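Chemist: This is the structure, below, for whatever I ask next.
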Amino acid sequence: MKKFNIRKVLDGLTAASSSSSAASAAAQPGAPRENDAVQETLQSENFQLCKTVRHGFPYQPSSMAFDPVQKILAVGTQTGALRLFGRAGVECYCQHESGAAVIQLQFLINEGALVSALADDSIHLWNLRQKIPAILHSLKFNRERITYCHLPFQSKWLYIGTERGNIHIVNVESFTLSGYVIMWNKAIELSTKTHPGPVVHISDNPMDEGKLLIGFECGVVVLWDLKSKKADYRYNYDEAIHSVAWHHEGKQFVCSHSDGTLTTWNVRAPAKPAQIITPHGKQPKDGKKPEPCKPILKVEYKTTRAGDPFMVLSGGLSYDTVGRRACLTVMHGKSTAVLEMDYPIVDFLTLCETPYPNDFQEPYAVVVLLEKDLVVIDLGQIGYPIFETPYPLTIHESPVTCCEYFADCPSELIPALYSVGSRQKRQGYSKKEWPISGGNWGQGTQSYPEIIITGHADGSIKFWDASAFMLQVLYKLKTAKVFERARGKEEKPSKDIVEEDPFAIQTLSWCPESRMLSVAGVSAHVIVYRFSKQEITTEVVQLLEVRMQCEFSEVDSPDPGGEQTPTLPTSGASTSPQETELPTQPSTGSNSSDGPRDNIPCLQVRSSPLKQSPGYQVELVIQLVWVSGEPPQQITSLAINSSYGLVVFGNSNGLAVVDYLQKTLLLNMGTSELYSPSDPHQRQPRSPRKARQPSGALCESNDGSNASEDRCKSPTSAKMSRKISSSSEQKPDQDAKDNTFTRSRSSSVTSIERESREAISSIHFCESFPRKTDALPSPCLLVGTTQGSVMMVAVGLPPAGDQRLQQPVGISSCGTLVRLKGGVLTMALLDSAGALLPPSYEPWYDPNASDEEKEKSRRRRPASPPLSQEGQESQFAVLCSEKQAKVVAMPSQTRIYKHNITETSFVLRADVVQMAGANCIACFCANGHIMTLSLPSLRPLLDVNYLPLTDMRIARTFCFSNLGQALYLTSPTEIQRITYSQETCDNLQEMLSELFTPVETPEAPNRGFFKGLFGGGAQSLDREDLFGETAAGKASRSLAQHIPGPGSMEGMKGAASGVVGDLARARIALDERGQKLGELEERTAAMMASAESFSKHAHDMMLKYKDKKWYQL
């Protein structure tokens, strides 16, 4: 009997269901015939996925190094990442495979190489002469933990100190261990009974390379003579040592200790310190020792030719400064400057004019690496001002909550944003050039403008210029300015939905052509902004309050006020806004202690005049209000259209359409009502301009009057006011809150019920056919829900001009277009030739310019001409959900293509993007896959398992853009940009910046006639004689394991000498290999001959003694 294979059957079913076109298309009545099919130009060869650049501050930094000749800064992190910085725009990111923390970095100065030491006791040699740095060699220590590394200038021997107190020496060219070892028990005095602890410092005497200074944690410092292999001097102090620094003449050194003291030692006087100071200690009057302070974690001692030396240190503050922030102390002569930092100090480096340790150092700047920032201090100016950082290190100034990416923007946008953003820059920076100035920009061909917009937890929005693989902040908008701030501890801002960050940005919609911006925040508010180059003062912020109600009949229960939450209205008419007269008496929403909160927004809009700088200026604030003790649901989708003057948003209660020109609510409809077609909802616009109240507040009365009861009961009622009442009744209660961005606290609906609500997940403006019978396209809305439904909503616009501002806009739901599996993520329209039909827009004009200038620019961009022909479809609607994609022909609304994107996972982000002159759908799946599908046939073009592990931050910030670009927040502080374009991947090497540039090493300091004559200058040492294999022997094999790196074939010599050198070396290596193989063959033949001879002799012996008795032998 034939065995039945269920797995093959399932595979066959999966393949059949996910086939993108032919089978499913043939069955559809409206499917295009062969000759009608759209010509698709995109092929899988157009796609390849690779990382491009990483921007932002290195997350969780742990170490730092600087090359003073190449002027490159390296930063290592706790996750094994390596970030290299040069001049503005020169940045590079690499990653150690192990992911272990980088504990120390050492440049091979002016060699284009870097040594990294990791917490897993491995050291690595990086080649920086190539655009994407690679590891040449690695060495993994097996028996000892690495604690400190030191590589002298122009030396190939790296000293490695360990936790056991020993020092090993590594040849950085071959990455082999020398047999020369400095054992801890030889370094310290024999009479010492305790172990000195780990090695915390190694450095050679600036004037004598043969003398090595070793600092042990316990407080012992040893000056070791490398030639005689013994200790010259030992310096003992009672307190633990954190760091040691030399005077350039090699006669003195300074130690920093755990009790906040600095000890200065004369090399030839080991008995006691020449000086002991406590920089931040209070000096007692009776001459006793000052009180101990916090440890001085690091000290640097730098000399100048024409003045007092600089001593720079971190830590050492007195213990009574508990709340004080981390400080860097600069001591220069008699002056001591204490510089407060915003975050704890990780490390600092003093930048000096010379790389030679035996010359006057001439310090000019201090680079301070903080936990969340990089600060460079100018030592050459009074007051020590900081340099303005040219890198985009402020992405995380407030946590990023949403992200959008726009490639190929209008060319005038970046200059316009830069001009308004340049006025926001703070003053007081150093006048000098940024000192980290190494490397060269890439010679990329990508010239199109790119903009990244980030929304933040504090309500700010940042616009970034992301062109040509760089990132620079253009403009910052603070949306929280629109709202009242808490003045005192008691008067905290209302936190009805979220416990923290009530102004956090949830989502945004931006039209680059018209520069209109709409922003949705977590406190259920939407703000509409216009861009203006002129400063204005807004006397009263325009406000529209919207009451969106829960539709579930299960939760209908009379509230204490006697009102009922209305059940689902059935007729279309009942959903239109009520035409009740507004109450004339001043009133406020109900917020008394004995009843539920009602008609109260989560935030208070400011009542004082708002000064608005050039840039984005508030046009309208829309707030959702509490309904019968139920907080407003957070906004899940948002869209704005400048051509129609509409902003649309939705949540789990339904959809709202607002006319931001007339400041009126046009539609407020429950999600389930959108399913059935209805008559146009037209009503007279009620503008806040017309309804002024003497009290300055205009809110529904809750005193039981019929009018207000009717209004309150209507699910579509809108509350409009020009000011928020400042009465005490308006302050919302301080209840227990749920600290999340995605779910709100509910008093009457359980979390399960709230989950099961159908929310609006996607909105798209277009000019299409809302009904099957339509002959011509008209303005409409595609509305997608979390249950996979796509509905059409028709928009009837009055004629442009004055009529548009006076006549109402008609809105009518036209029923369901199509259903998909999973929540709808993105929607788009294609014309009959497969070209993208973007939403129409109005060209930008300055709203504060003169009327004549406005009229010149205010020309609505005409929609695409109708392409409808007899018997032919004129448009394709592209719809993508969490599970599948569909293409529907319009106006017949027949499905012509379907593709199941994923069965086991779900799509987190999908975008319809332009690529190589055509369009495709780009998807990012929760299982880490990145996929692209052709349009309109939905053929799979790319499927790469890119990010196997995802977290909510990546899911929230991942976005695709045109021309094969995408990005996401890889850490709370860094943006990772990737490309899915084969062309960009091919040109990546050209576009990336170069870290290494050939620079002459400065000349060594002149020894002078007398120093040369009497031997007073620097003493050189032939380390090869001491540490080489001939003198020191081989190191123990079990101590460390050598691992050749992936970049070892293109070593530094190869990079310098080019392809010819590589070929020559390869030929030599082959010759050597052949020679060794020949020798092996000869040796094997000789062994075989020897074995044969031995066998013959053994046989002869056996025959000789075969028949003899034992006593005859």
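The values are calculated or read from the model by the stated rules, or taken from the named source; none is laboratory data. Keep in mind that what you see is a predicted model, and the values were worked out from it rather than measured. Using ideal geometry, Cβ is built from the backbone for each residue, glycine included, and neighbour counts are taken over all protein chains shown. SASA here: full protein model, heavy atoms, side chains in, ligands and nucleic acids out. Shrake-Rupley method; radii C 1.70, N 1.55, O 1.52, S 1.80 Å.
Chemist: If I ignore ligands, DNA and RNA and count only protein heavy atoms, how much of T997 is accessible to a 1.4 Å probe, in Å² to the nearest 10?
Modeler: Approximately 30 Å² for this residue.
Chemist: Which links in K193/K230; K230/K288; K302/K431 stretch past 28 Å when you go from one Cα to the other?
Modeler: Too far apart for the 28 Å limit: K230/K288.
Chemist: Looking at the square roots a ≥ b ≥ c of the eigenvalues of the Cα gyration tensor of segment 209-293, which shape do they give, rounded for a/c under 1.5, prolate if a/b is larger than b/c, or oblate?
Modeler: Because a/c hits 1.5 or more and a/b exceeds b/c, segment 209-293 counts as prolate.
Chemist: If you bin every alpha carbon distance in segment 243-290 into 10 Å steps from zero, what whole percent lands in each bin?
Modeler: Pairs per bin, as whole percents: 26, 47, 24, 3.
Chemist: For S607 and K294, what does the FRET efficiency come to when R0 = 41 Å and r is the distance between their Cβ atoms, rounded to the nearest 0.05?
Modeler: Details: r = 48 Å, r/R0 = 1.16.
Computed FRET efficiency for S607 and K294 comes out at 0.30.
Chemist: Leaving out ligands and nucleic acids, note down the accessible area per residue over segment 128-236 with a 1.4 angstrom probe, in whole Å².
Modeler: Here the residues of segment 128-236 average 38 Å² of exposed surface.
Chemist: Further question on the same structure: Tell me, in nm to one decimal, what length is gained between T194 and D831 on full extension, where the rule is 0.36 nm per residue of separation less the Cα-Cα distance?
Modeler: Here the answer is 221.0 nm.
Chemist: Further question: Could the peptides 914-926, 642-654 be put in order, highest first, of the mean number of other beta-carbon atoms found within 10 Å of their residues? Write down the numbers at each step before the final one.
Modeler: Working: 914-926: 21.2, 642-654: 25.0.
Descending packing order for the listed peptides: 642-654, 914-926.
Chemist: Applying a 10 Å radius around every beta-carbon, put 162-172, 970-980 in order of their mean neighbour count, most first.
Modeler: Output ranking for 162-172, 970-980: 970-980, 162-172.
Chemist: Measure up K821/K898; K294/K432; K211/K272; K372/K476; K462/K533 against 23 Å on the Cα-Cα distance and list the ones that go over.
Modeler: K294/K432, as the Cα separations exceed 23 Å there.
Chemist: Once the other residues with Cβ under 15 Å from the Cβ of R939 are scored (Lys, Arg +1; Asp, Glu -1), what is the net sum?
Modeler: So the surrounding residues net to -1.
Chemist: Give the relative contact order (percent, whole number) for segment 81-193; include only Cα pairs under 8 Å separated by 6+ residues.
Modeler: 14 percent
Chemist: Got a number for carbon plus sulfur as a percent of segment 133-220's accessible area, 1.4 Å probe?
Modeler: 48 percent
Chemist: Could you please report the charge total around G161, scoring K, R as +1 and D, E as -1 over all other residues with beta-carbon less than 11 angstrom from its beta-carbon?
Modeler: Net of charged neighbours comes to -1.
Chemist: Explain nothing, just the number: relative contact order of segment 889-987, from Cα pairs under 8 Å at least 6 residues apart, as a whole percent.
Modeler: Rounded, it is 19 percent for segment 889-987.
Chemist: Would you mind computing, in nm to one decimal, how far apart the modelled labels at E539 and A271 are, each placed 7 Å from Cα along Cα→Cβ?
Modeler: 8.7 nm
Chemist: Between M952 and K140, how many nm apart are label points set 7 Å from Cα along the C-beta direction?
Modeler: Calculated label separation equals 3.6 nm.
Chemist: For E1000 and R325 in the same chain, what is the full-extension length gain: residue separation times 0.36 nm, less their Cα-Cα distance, in nm? Write out the running numbers ahead of the final one.
Modeler: Numbers: separation 675, 0.36 × 675 = 243.00 nm, distance 4.15 nm.
Between E1000 and R325, full extension yields 238.9 nm more.
Chemist: Same structure, new question: With a cut-off of 8 Å between alpha carbons and a minimum separation of six or more residues, what is the relative contact order of segment 603-665 in percent?
Modeler: Averaging sequence separation for qualifying contacts and normalising by length gives 20 percent for segment 603-665.
Chemist: Would you please state the base-10 log of I(q)/I(0) at q = 0.24 1/Å for segment 372-413, with intensities from the Debye formula using one equal scatterer on every alpha carbon?
Modeler: Computed log10 I(q)/I(0) values: -0.92.
Chemist: Just subtract the alpha-carbon distance of S1038 and Q443 from 0.36 nm times their residue separation and send over the number in nm, one decimal.
Modeler: 209.5 nm
Chemist: Also, quick follow-up: Once you place label points 7 Å from the Cα toward the Cβ at A100 and K156, how far apart are they in nm?
Modeler: 2.6 nm
Chemist: Ignoring ligands, DNA and RNA, what accessible area per residue does segment 253-345 give at 1.4 Å, in Å²?
Modeler: 53 Å²
Chemist: May I ask you to rank D232, D320 by accessible area, largest first, using a 1.4 Å probe over the protein chains only? Don't skip to the end; give the middle numbers.
Modeler: Working: D232 50, D320 90 Å².
Reading off the accessible areas and sorting them downward yields D320, D232.
Chemist: Let me ask you something else. Sketch the reach of a paramagnetic label on S411 as a point 7 Å from Cα along Cα-to-Cβ, and name the residues of segment 923-967 whose backbone nitrogen lies under 20 Å away.
Modeler: Once the point is set 7 Å along Cα→Cβ of S411, 962-963 turn out to lie under 20 Å by backbone N, inside segment 923-967.
Chemist: Further question on the same structure: Could you work out the mean projected area of the convex hull around the alpha carbons of segment 882-989, in square nanometres to one decimal?
Modeler: 7.7 nm²
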